[in-house]
Amino acid sequence: MIDFKIKNSTSKARLGELNLNNHLIETPCFMPVGTAATIKTMAASEVSDLGYNIILANTFHLMLRPGVEIISKHNGIHDFMNWKGAIITDSGGYQVFSLAKLRKITKEGVYFNSPIDGAKVFLDPKKSIWLQEQFNSDIIMQFDECTPYPADKKTAESSLDLSLIWGMQSKLSLTKDKSNLFGIIQGGIYDDLREKSLSGLVEIGFDGYAIGGLSVGETSEERNKVLDNIAHKMPSDKPRYLMGVGTPEDIVEAVKRGVDMFDCVIPTRNARTGFLYTKKGIVKLRNSRYKDDMMPIDEDCMCYTCRNFTRSYLKHLDNCKEILGLRLNTIHNLYYYHDLMLKIRESIALNRFDDFVKEFYSARSQGI
């Protein structure tokens, strides 16, 4: 079951506590993405040691490989990957967007060609919920259509209407008490459509509410305008989740607007391409300036990577395409994101979040 409490707030920024099937999660929180039941290059215990106690896994990809039968034999994703924390699974709705060339949308559901072998695959709300319950997910997402960008208003409204229908069907498909279902707000960049979507979802009733259809190509200004309009209108006693976002700046701006939960591939994916996050901005390891740089990635960072290795060594690993480099980079970026969320929560608790935001941008203005 799910229980959510607001412990403090500074303007619209909220400090919360989410009790999720006996997993205690402090919010605002960031959830690393484990698409295939793994945070790439990391063991589950290492992710836990960094301080994370909730991650995201991908329903669509796990349905294809290894398949629900194998995961069910392990009694769900937790035991399959030996993860002791909570798990949230997306519904497959994002793949409706990301695999646009491989799918056909109908009112009943979506027909896909598998990106693995081209086999025909069908996914609808009932199957999506069934899969997520078989996975023993702690939070499951309604099946929806992630509205593309750009989309004219008629297309965006048609998309959100379909998502509302699928939201009701998703709720009616629930069979387990521990299945905590989140609804997903669509509507593109149109404020009135976002409000229509939210109103329809609240009428259905969910355990939490997510903002979908962002970070799909819109500008940061457009995204923040959507959040300015809709985030504070979401039920105050339920978790607010911004899907697929984002950079450290994106997260800070969304917390300012009242968002509680985030997931994104950015820290882990960018780690594998030598983009490392620091308080002053991004270290791009493939820049020649780091060839003989004897500094750690961030001199104030206490992660294993920064305590033991120089930028020069990490650049060398990247040049040689060594697996160790991918791991060390990922450790650093995940540590940075966890530390960022910790600092955000501390600042809200002390009623100094506005000061934190000023300090955050001041440090970045100095440059690497």
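The values are calculated or read from the model by the stated rules, or taken from the named source; none is laboratory data. As the structure is a computational prediction, the values presented were derived from the model and not from experiment. Cβ coordinates were reconstructed from backbone atoms using ideal geometry, including for glycine residues, and neighbour counts include every protein chain displayed. Calculation scope for accessible area: heavy atoms of the full protein, side chains included, ligands and nucleic acids excluded. Shrake-Rupley method; radii C 1.70, N 1.55, O 1.52, S 1.80 Å.
Structure notes:
- Between segment 53-100 and segment 107-133, the alpha-carbon center distance in angstrom: 13
- GNM remark for the chain: springs join alpha carbons under 10 Å apart, and the peak mean-square fluctuation among Asn319, Asn53, Asn329 falls on Asn319.
- Computed about the Cα centre, the dipole magnitude for segment 211-320 is approximately 260 debye when only Lys and Arg (+1) and Asp and Glu (-1) carry charge, each at its Cβ.
- Summing +1 for each Lys or Arg and -1 for each Asp or Glu among the other residues whose beta-carbon sits under 11 angstrom from that of Ile368 gives +4.
- Distance (nanometres) between label positions extended 7 Å along Cα→Cβ at His23 and His316: 3.9
- Cα-based shape type of segment 130-209, given that a ≥ b ≥ c are square roots of the gyration tensor eigenvalues and the cut on a/c is 1.5: prolate
- Cα centroid separation - segment 196-224 against segment 226-301, whole Å: 20
- Modelled label reach - Ser288, point 7 Å along Cα→Cβ, segment 301-328 residues with backbone N closer than 20 Å: 311-321
- Taking Glu299, Glu253, Glu17 as the candidate residues, the one with maximal mean-square fluctuation in a Gaussian network model of the chain, Cα springs under 10 Å, is Glu299.
- DSSP-defined antiparallel bridges as percent of all bridges, the chain, nearest 5: 50
- The residue list Met243, Cys320, Leu340 was ranked by how far each Cα lies along the charge dipole of the chain toward its positive end, using unit charges on Cβ atoms, and Cys320 comes out on top.
- Computed extension length for Asp300-Arg65: 80.5 nm, one decimal, from 0.36 nm per residue of separation with the Cα-Cα distance subtracted.
- Computed FRET value (nearest 0.05) for Asp355 with Ser220, which takes r as the C-beta separation and R₀ as 22 Å: 0.45
- For Val245, nonlocal amide neighbours, meaning residues 5 or more places apart or on other chains whose placed amide H falls under 5 Å from its own, are Asp263.
- Shown in residue order for segment 337-351 are the 3J(HN,Hα) couplings computed by the Karplus curve 6.51 cos²θ - 1.76 cosθ + 1.60 at θ = phi - 60°: 5, 5, 5, 4, 5, 4, 5, 4, 5, 4, 5, 5, 4, 8, 6 Hz (x for Gly and Pro).
- Think of it as helices only: each DSSP H run of n ≥ 4 in the chain is worth -39500 (n - 2.57), and spread over all residues that comes to -12500 deg cm²/dmol at 222 nm.
- Counting only alpha carbon atoms, the long axis of helix 125-134 and the longest principal axis of the chain meet at about 50°.
- Using θ = phi - 60° and Karplus 6.51 cos²θ - 1.76 cosθ + 1.60, couplings along segment 239-256 (whole Hz; Gly, Pro as x): x, 10, 10, 9, 7, x, 10, x, 6, x, 5, 4, 5, 4, 5, 6, 4, 3
- Scanning residues 5 or more positions from Asn8 or on other chains, those with amide H under 5 Å from its amide H are Leu15, with H placed 1.01 Å from N in the peptide plane.
- Karplus-derived 3J(HN,Hα) values for segment 161-173, using 6.51 cos²θ - 1.76 cosθ + 1.60 with θ = phi - 60°, are 4, 5, 5, 5, 4, 5, x, 4, 5, 4, 5, 5, 8 Hz; glycine and proline are entered as x.
- Within segment 243-321, trypsin sites (Lys or Arg not before Pro) in DSSP loop having at most 13 other beta-carbon neighbours inside 10 Å: Arg286, Lys291, Lys321
- Overall form of segment 220-316 per C-alpha gyration tensor (a/c, 1.5; a/b vs b/c): prolate
- Oblate is the label for segment 20-60, because the ratio a/c of its alpha-carbon gyration tensor axes (a ≥ b ≥ c) is 1.5 or higher and a/b is not greater than b/c.
- On Cα atoms only, tilt of 191-204 relative to the major axis of the chain in degrees: 60
- Under a 5 Å amide H cut-off, with hydrogens placed 1.01 Å from N, Ala210 pairs with Gly183, Ile184, Ile185, Tyr241 among residues at least 5 apart or on other chains.
- Nonpolar atom fraction for segment 1-93, defined as the carbon and sulfur part of the 1.4 Å probe accessible area, stands at 46 percent.
- Taking Phe182, Phe112, Phe135 in turn, the Gaussian network model of the chain (Cα-Cα springs below 10 Å) assigns the largest fluctuation to Phe112.
- In this rough spin-label picture, where each label sits 7 Å from Cα along the Cβ direction, the Asn82-Asp117 distance is 2.9 nm.
- Identified option (computed Cα extents along the principal axes in Å; candidates [x] 65, 63, 41; [y] 63, 45, 35; [z] 58, 47, 41): [z]
- Sites Thr273 and Ala43 - FRET efficiency at Förster radius 25 Å, r taken between beta-carbons, to 0.05: 0.70
- Diffusion coefficient, µm² s⁻¹, Stokes-Einstein with Kirkwood Rh over alpha-carbon pairs of segment 1-119 at 4 °C and 1.567 mPa s: 80
- Cα-based helix-to-principal-axis angle, 353-366 vs the chain, degrees rounded to 10: 50
- Lone cysteines, the chain (no partner Cβ under 4.7 Å): Cys29, Cys146, Cys264, Cys303, Cys320
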